[in-house]
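K.L.:
One structure is given below, represented as structure tokens, and several questions about it will come after.
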Amino acid sequence: MIEVKNVTKSFGDLTVLKDFSVDFNQEGVTVLLGPSGTGKSTLLRCINGLETIDGGDIIVNGLSVKEKKNLRQIRLDCGMVFQRTVLFPHLNVMQNLTMSPIKLLKMNKKEAEEKAVLYLKKVGLESKAKAMHNELSGGEQQRIAIARALMMNPKALLLDEVTSALDPEMTSEVLKILETLAQEGVCMLCVTHEMQFAKHVASRIIFMDKGIAAADETAENFFSVVRKENERIAKFLQFIG
Ligand code: ADP
Ligand code: MG
């Protein structure tokens, strides 16, 4: 579904992605691991057309990110949630969830609201439909952000450290939701440092280091064999516990 082909991406003199290639099909959860500054966020942002690429190509469902006219569809296909989500501050939760489906998918208001109720239930926040963003905890905001992304029927969710600004309790609430979504077959590509989540929920682990995929393995293989055989990965895993 997502083909990253020989992508090069630099910021000035700094080459962040070097001839980077990887394919993602529409199955399961892929976790992107790796030290800070190795290009994980840049990769997700390039997939979603939030950054332009310097070389190579990224094809999402047959459409190249290099064509500006494709970006709208690509962003519909790949919902993205960031570390800190900005809900529209002047809108309540329900309006945050229904605005884009009404505007972009031409859903009628009633239908959008019914769907929003379903997703609010899914993330355990049906009581918060009328809340404004400043009445929600960080974890609740992230759960709303996930629900908001799902409202657009994405083919995949791109999640960039969605729990790293949260305390352990809120982190576990958010991860529990992602685990449920994974069980329901939602395809996810997520950057996270939550190793228990990676171990138990991911089917595939890509370890990024210095702009390349230093390992691309099944989660099982990664946590049993690769972590022992690859010194760099062993060190990284030790470091983050
Ligand atoms: P990661 O998500 O793996 O921590 P990033 O993809 O955020 O890494 O960043 C990779 C490198 O690119 C870092 O050195 C970062 O400082 C740099 N970088 C990211 N975005 C920009 C930008 N917009 N301008 C300049 N440098 C950037
Ligand atoms: Mg990052």
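K.L.:
Once you place label points 7 Å from the Cα toward the Cβ at residue 229 and residue 66, how far apart are they in nm?
P.N.:
3.5
K.L.:
Here is a further query. What is the helix-to-structure angle for 231-240, meaning the angle in degrees between its Cα long axis and the longest Cα principal axis of the chain, kept from 0 to 90 and rounded to the nearest 10?
P.N.:
Around 40 degrees separate the two axes.
K.L.:
Here's another thing I want to ask about it. Cα axis of helix 168-183 to longest principal axis of the chain: angle in degrees, 0 to 90, nearest 10?
P.N.:
For helix 168-183, the angle is close to 90 degrees.
K.L.:
In degrees between 0 and 90, to the nearest 10, how far off the longest principal axis of the chain does helix 93-104 point, with axes built from Cα atoms?
P.N.:
80
K.L.:
What shape does the range 96-241 have by the C-alpha gyration tensor, where a ≥ b ≥ c are the square roots of the eigenvalues, rounded means a/c under 1.5, and otherwise prolate means a/b greater than b/c and oblate the rest? Present the calculation step by step, with values, prior to reporting the outcome.
P.N.:
Numbers: a/c = 2.75, a/b = 2.05, b/c = 1.34.
Since a/c reaches 1.5 and a/b is larger than b/c, the shape of the range 96-241 is classed as prolate.
K.L.:
I want to check the label-to-label distance for residue 25 and residue 239. Put each point 7 Å from Cα in the C-beta direction and report it in nm to one decimal.
P.N.:
About 3.3 nm separates the two model spin labels.
K.L.:
Sum -39500 (n - 2.57) across every DSSP H segment of at least 4 residues in the chain, then divide by the residue count to get the 222 nm mean residue ellipticity, nearest 500.
P.N.:
Details: 8 runs with 87 residues, N = 241.
One gets -11000 deg cm²/dmol as the mean residue ellipticity at 222 nm.
K.L.:
Kindly put 47, 58 in sequence by how many other C-beta atoms sit within 10 Å of each C-beta, fewest to most. The partial results should precede the final answer.
P.N.:
Values: 47 28, 58 22.
Least crowded to most crowded, the residues run 58, 47.
K.L.:
Is the range 1-129 best put as rounded, prolate or oblate by its Cα gyration tensor, with a ≥ b ≥ c the root eigenvalues, rounded for a/c under 1.5, and otherwise prolate when a/b is larger than b/c, oblate when not?
P.N.:
Details: a/c = 2.25, a/b = 1.90, b/c = 1.18.
Prolate, because a/c is 1.5 or more and a/b exceeds b/c.
K.L.:
Let me ask something else. Between residue 126 and residue 216, what length in nm is gained on full extension when 0.36 nm per residue of separation is reduced by their alpha carbon distance?
P.N.:
On the way: separation 90, 0.36 × 90 = 32.40 nm, distance 3.83 nm.
Using 0.36 nm per residue and subtracting the Cα-Cα distance, I get 28.6 nm.
K.L.:
Further question on the same structure: List every residue whose amide H lies under 5 Å from the amide H of residue 80, counting only residues 5 or more places away in sequence or on a different chain, with H placed 1.01 Å from N in the peptide plane.
P.N.:
For residue 80, the qualifying residues are 158.
K.L.:
Report the full-extension gain for the segment residue 153 to residue 134: residue separation times 0.36 nm, less the Cα-Cα distance, to one decimal in nm. Walk me through the intermediate numbers first.
P.N.:
Numbers: separation 19, 0.36 × 19 = 6.84 nm, distance 2.65 nm.
Extra length from residue 153 to residue 134 when fully extended: 4.2 nm.
K.L.:
Gain in length, residue 13 to residue 108, computed as 0.36 nm per residue apart minus the alpha-carbon separation, to one decimal in nm? Let's see the in-between values first.
P.N.:
Details: separation 95, 0.36 × 95 = 34.20 nm, distance 4.82 nm.
Between residue 13 and residue 108, full extension yields an extra 29.4 nm.
K.L.:
With a bin width of 10 angstrom, please list the P(r) values of the range 164-241 as percents of all Cα-Cα pairs, from the 0 bin to the one holding the largest distance.
P.N.:
16, 49, 30, 4
K.L.:
Taking Cα centroids, how far is the range 78-100 from the range 1-34 in Å?
P.N.:
So the two Cα centres are separated by 26 Å.
K.L.:
Okay, moving on. Fewest first, what order do 193, 90 take by the number of other Cβ atoms within 10 Å?
P.N.:
Details: 193 18, 90 9.
Least to most surrounded, the residues fall as 90, 193.
K.L.:
Further question on the same structure: Enter the Cα centre distance for the pair the range 129-144 and the range 168-241, rounded to the nearest angstrom.
P.N.:
Cα centroid to Cα centroid, the span is 27 Å.
K.L.:
Using the count of nearby Cβ atoms within 10 Å as a rough guide to exposure, how do 125, 91 rank from fewest to most?
P.N.:
On the way: 125 20, 91 14.
In increasing order of surrounding Cβ atoms, one gets 91, 125.
FYI, it's all coordinate maths here, none of it is from the lab. What you see is a predicted model; the values in this text were computed from it and never measured. Cβ sites come from the backbone with ideal geometry, for glycine too, and all protein chains shown count toward neighbours.
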